[in-house]
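Have a look at the structure below, then the notes.
The values are calculated or read from the model by the stated rules, or taken from the named source; none is laboratory data. Only a predicted model underlies this, so the values are computations on that prediction, with no experimental measurement involved. Counting neighbours? That spans all protein chains shown, and the Cβs are built from the backbone with ideal geometry, glycine included. Note: areas computed on protein heavy atoms with side chains; ligands, DNA, RNA excluded. Shrake-Rupley method; radii C 1.70, N 1.55, O 1.52, S 1.80 Å.
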Amino acid sequence: MDQTVVSTGTEGKTWGGGNKPLKASYGKMMMWFFIVSDALTFSGFLAAYGFSRFKFIDSWPIADEVFTHIPFFHGSYPMIYVAFMTFILIMSSVTMVLAVDAGHQMKKAKVTWYMFLTIIGGLIFVGSQAWEWATFIKGDYGAVQTTGGNILQFVDTEGHRVAIRDFAVIDDHKERVQDERKKGIWFTSETALPTYTVEEVIKGLETHDNVLIRTQILNEEGEKTVLSRGESLKLLKDNGKMVVEGANLYVNEYGSPLFADFFFFITGFHGFHVFSGVVINIIIFFNVILGTYERRKNYEMVEKVGLYWHFVDLVWVFVFTFFYLV
Amino acid sequence: MAGHAHKLEILRGLIKFKSNTQKIWGVLILLSIVTAVEVVLGIYKPEVLMGQVFGMKALNWIFIILTIVKAYYITWDFMHMRDETKALRRVVVWTGVFLICYLIFILLEEGGYVFDVYKTGYIKHDF
């Protein structure tokens, strides 16, 4: 009887099969493939951010003026908080790689401890990002949006920012109320009204001689253009349309709404990666405690989630540069 | 990884660590220094670095180069790319770098074009 297994005569040769040219396990290689595709996704987002920024290169918000807050402290501290967040994430990457190293040496107690520290680092990072979002959404000084969608901010004669709440003259008799379904026609409603109306801001600008308007246009020195007193009043009266406080997907008191859109989208997508990384780390953490990898006599699973975790750190390095530095 | 052998040299052999753990801490120090330099430059923005080089501020080029340096050490030492085979390294890095360069070129080029259209064309958006 003939054999059913065909002998090709290539056994033991290069193309005979059974080779492992990359010397990596299936799981690890698939993690690398995933990372490449995810890196391309993030690059697409960041390149799209770059597109919008180049499109409005002469009026893009200056990140140093947007992210200036630190929890529990007043005053302006650009970069400090985000540098802290970066350090936390790099630190949790270090504890992760220490966990992988301890795994290679089959030291269960050490792996457990380092995984725990990694999870804590991830949680601190996600919490910080939530705070950063909340601060950005709440806003700071307020601004007026024009009919054309441009943002007008307010400064004093020395160029320091002035908040609308500090100079607007409040009209006690204003009758405009928020339209809600229970008040007017049952199927119409609107979002919350800004605290001040444009008329109140105009009155405030008229009565405060030291307040000027700053437009979004960057001058030769890379600073925002400040208008004269006369130009300020004229521009606000002619074009002022709506008071904007904070940022959301439609308006942004710091400048182009696209800046806020990309900020929410990219840091949100990254934050979601951190969150899922924390969840996966927690699962692996419990597997380590239960001794799953001890029985398997190999901690490669820790290495694989480690790859993902470092990748999240890697992405943040780029987000940090393109949102906060450049 | 056969026998979990790690390559323990960084900076082309300038620094050689005694153990993998020591290398990890060494890389952390390196990354922290680079980040600190970025933050300090970002806060003080030295006047000498504000000149235009290849269509962008010199300072921005420094930030981008330092970022790529950080990315290199995260990938090579934290993700153990240094210990993988040359083929795996190239599959991952060349593919990514090629596609990302293309993407960046095409989008930034077009962004600049749209800016010019707004600036010199008949579309008015300052109202």
Next on the checklist: To make sure I understand the rule: partners must be lysines, Cα under 22 Å from the Cα of A:Lys183, and not fewer than 8 residues away in the same chain. Which ones qualify?
Outcome noted: A:Lys174
Checklist outcome for this item: Under the helix-only model (-39500 (n - 2.57) for each DSSP H run of 4 or more, divided by the residues of the protein assembly as shown), the mean residue ellipticity at 222 nm, to 500 deg cm²/dmol, is -18000 deg cm²/dmol
Checklist entry - Any idea what angle helix A:229-239 forms with the longest principal axis of chain A, computed on alpha-carbon atoms, 0 to 90 degrees, nearest 10? => result 70
Next on the checklist: At most 16 other C-beta atoms within 10 Å and a DSSP loop state: those are the exposed trypsin sites (Lys or Arg not before Pro) I care about. Give me the longest piece of chain A that has none.
Outcome noted: A:184-296
Checklist entry - Which aspartates and glutamates have a Cα less than 18 Å from the Cα of B:Lys86, not counting those fewer than 8 places away in the same chain? => result B:Glu9, B:Asp77
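Cα gyration tensor of the range A:1-160, axes a ≥ b ≥ c as square roots of the eigenvalues: rounded (a/c below 1.5), prolate (a/b > b/c) or oblate?
Values: a/c = 4.65, a/b = 2.00, b/c = 2.33.
Oblate is the answer for the range A:1-160, as a/c is 1.5 or above yet b/c matches or exceeds a/b.
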Item to check | Fraction of accessible area attributable to carbon and sulfur, chain A (%, probe 1.4 Å) | outcome: 62
Checklist outcome for this item: Counting only DSSP loop positions in the range B:1-65, the chymotrypsin sites (Phe, Trp or Tyr not before Pro) whose Cβ has at most 12 other Cβ atoms within 10 Å are B:Phe54
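Rounded to whole Å and sorted largest first, what semi-axes of the equivalent ellipsoid does the C-alpha gyration tensor of the range B:1-84 yield via the square root of 5 times each eigenvalue? Numbers along the way, then the final one.
Working: eigenvalues 205, 34, 17 Å².
Calculated on Cα positions only, the semi-axes equal 32, 13, 9 Å.
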Checklist entry - In terms of the ratio Rg/(2.2 N^0.38 Å) built on C-alpha atoms, what value belongs to chain A? => result 1.39
Checklist entry - With chain B treated as a Gaussian network of Cα nodes joined by springs under 10 Å, which of B:Lys57, B:Lys16, B:Lys70 yields the largest mean-square fluctuation? => result B:Lys57
Item to check | Ranked order, A:His74, B:His125, A:His104, A:His173 - accessible area, probe 1.4 Å, largest first | outcome: A:His74, A:His173, B:His125, A:His104
Item to check | On Cα atoms only, tilt of A:108-138 relative to the major axis of chain A in degrees | outcome: 20
Item to check | Options A:Gly17, B:His6, B:Thr21, ranked by Cα towards positive dipole end of the protein assembly as shown, top entry (Cβ charges) | outcome: A:Gly17
Checklist entry - Once the other residues with Cβ under 13 Å from the Cβ of A:Val201 are scored (Lys, Arg +1; Asp, Glu -1), what is the net sum? => result -2
Checklist entry - What does the charge count near A:Asn252 come to, summing +1 for each Lys or Arg and -1 for each Asp or Glu among other residues with Cβ under 11 Å from its Cβ? => result -3
Checklist entry - Which of the lysines could be linked to B:Lys119 by a straight reach, that is with a Cα gap under 19 Å, when you skip same-chain ones fewer than 8 residues away? => result A:Lys55, A:Lys224
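Determine the alpha carbon to alpha carbon distance for each of A:Lys107/A:Lys304; A:Lys108/A:Lys304; A:Lys297/B:Lys70; A:Lys138/A:Lys234; B:Lys23/B:Lys70 and list only those over 26 Å.
Values: A:Lys107/A:Lys304 17 Å; A:Lys108/A:Lys304 17 Å; A:Lys297/B:Lys70 33 Å; A:Lys138/A:Lys234 29 Å; B:Lys23/B:Lys70 15 Å.
Pairs exceeding the cut-off: A:Lys297/B:Lys70; A:Lys138/A:Lys234.
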Checklist entry - Nearest 10 degrees, 0 to 90: what angle lies between the long axis of helix A:300-319 and the longest principal axis of chain A (Cα atoms)? => result 30
Next on the checklist: Whole angstrom only: what separates the Cα centroid of the range A:178-214 from the Cα centroid of the range A:50-88?
Outcome noted: 27
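With a 1.4 Å probe, what is the total accessible area buried between chains B and A, in Å² rounded to the nearest 100? Could the numbers behind the result be given before it?
Working: alone 10160 and 18920 Å², together 24330 Å².
Using a 1.4 Å probe on protein heavy atoms, the buried area is about 4800 Å².
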Item to check | Neighbourhood net charge (13 Å Cβ-Cβ; Lys/Arg +1, Asp/Glu -1) for A:Lys108 | outcome: +4
Item to check | Axial C-alpha extent at least 27 Å, average Kyte-Doolittle at least 0.0 - helices from chain B (DSSP) | outcome: B:20-44, B:86-120
Item to check | Residues of chain A: accessible area per residue with a 1.4 Å probe, Å² | outcome: 51
Checklist outcome for this item: Phi-derived 3J(HN,Hα) across the range A:286-293 with the Karplus relation (6.51, -1.76, 1.60, θ = phi - 60°), rounded Hz, x for Gly and Pro, is 5, 4, 5, 4, 6, x, 4, 7
Next on the checklist: Can you tell me which of A:Ile151, A:Ile266, A:Ile185 moves the most in a GNM of chain A? Springs connect C-alpha atoms under 10 Å apart.
Outcome noted: A:Ile185
Next on the checklist: Under 10 Å, Cα contacts only: if you run a Gaussian network model on chain B, which one of B:Val40, B:Val69, B:Val117 comes out with the highest mean-square fluctuation?
Outcome noted: B:Val117
